[in-house]
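The values are calculated or read from the model by the stated rules, or taken from the named source; none is laboratory data. Given the structure is predicted, the values throughout are model-derived calculations rather than measurements. Using ideal geometry, Cβ is built from the backbone for each residue, glycine included, and neighbour counts are taken over all protein chains shown. Each accessible area value is taken on the protein alone, full model and side chains, heavy atoms only, with ligands, DNA and RNA left out. Shrake-Rupley method; radii C 1.70, N 1.55, O 1.52, S 1.80 Å.
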Amino acid sequence: MQSPNSSFIARKPLRFGDRILQPGESVPVELGRDYRLMLRLGQITEIPQGAALAQATQAAPFPEGSAVFFVGEDGAYSLATFHLLQDAPEDVRLDLELPPGAQVALVTFADDPESTFVLPSSLLPGQPTQRLIDELSGRQEDAHLQARVAFLERLLQAVRADGELIPDDFPAADQLAQNGVTTLAGLRLLADGENGRANLMALDAIGGGRADKILAALGSPPAPEG
């Protein structure tokens, strides 16, 4: 039986009646279904209702369905799809040696239909990470590569930054979220300094016009070009 204080989401494509639930989708509650067996089989995962409510007040690092790169401890990377951010289930928390209350991201890798829990800090936005990988593979000039790596390091700090969320009516808020930048503190990490405008323009779907509007909203005039 399902606990009255919990809900479930699919961890892998799952037939439910006449539907195929995709990873991250809520699993409907039906009498007679053995949800504990589905948990043991790894078909679903449990989210306590209290945790789900708390989760709703926190910004996910990426919009649901975003393409992201997972970077392992050895530096190897894989393309994945981000589904949601949630409190770590107990078995996952113990396996990853996380403290109580730690959060994990549910993702699906391109070569595996079953979803997996990973650390949010191991994820990077699909763009401009893909562009950097393409440049590294193409063996660009050293100075250019160093600049791109420095930008990616700053972007990673911006994606991980905590603090006040970027308001919905902020210039290019949707495009910033697509790049994983969801807090004002993270945005300032990118926008401050002489390379701020260039950093913003290096993001996916942020051109010169949007970069200038972002800088104006932050109270930072754009640096002269040239």
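Things to note:
- Those residues of the range 55-73 which are open to solvent by 30 Å² or more (accessible area, probe 1.4 Å) and β-branched (V, I, T), in sequence order: T57, V71
- Restricting the range 195-212 to residues that are surrounded by fewer than 17 Cβ atoms within 10 Å (Cβ to Cβ) and under 18 Å from the mean Cα position of the chain (by Cα), the residue that is nearest to A147 (Cα to Cα): D204
- Among the residues listed as A76, A88, A110, A102, the single one being surrounded by 15 or more Cβ atoms within 10 Å (Cβ to Cβ) and hydrophobic (A, V, I, L, M, F, W, C): A88
- Selection of the range 148-187 for residues being open to solvent by 50 Å² or more (accessible area, probe 1.4 Å), at pLDDT 90 or above and within 19 Å of A67 (Cβ to Cβ) yields D174, Q178.
- Flag for L145 being over 21 Å from G208 (Cα atoms), buried (at least 16 other Cβ atoms within 10 Å of the Cβ) and at pLDDT below 90: no
- Annotation: of all residues in the range 14-54 being open to solvent by 60 Å² or more (accessible area, probe 1.4 Å) and in contact with a Pro (Cβ under 7 Å, 6 or more places away or on another chain), the one that is modelled with the highest pLDDT is I20.
- Near pairs, Cβ below 8 angstrom, 6+ apart or cross-chain, from the range 62-81 (acidic (D, E)) to any residue that is open to solvent by 20 Å² or more (accessible area, probe 1.4 Å): E64/H83; E64/L84
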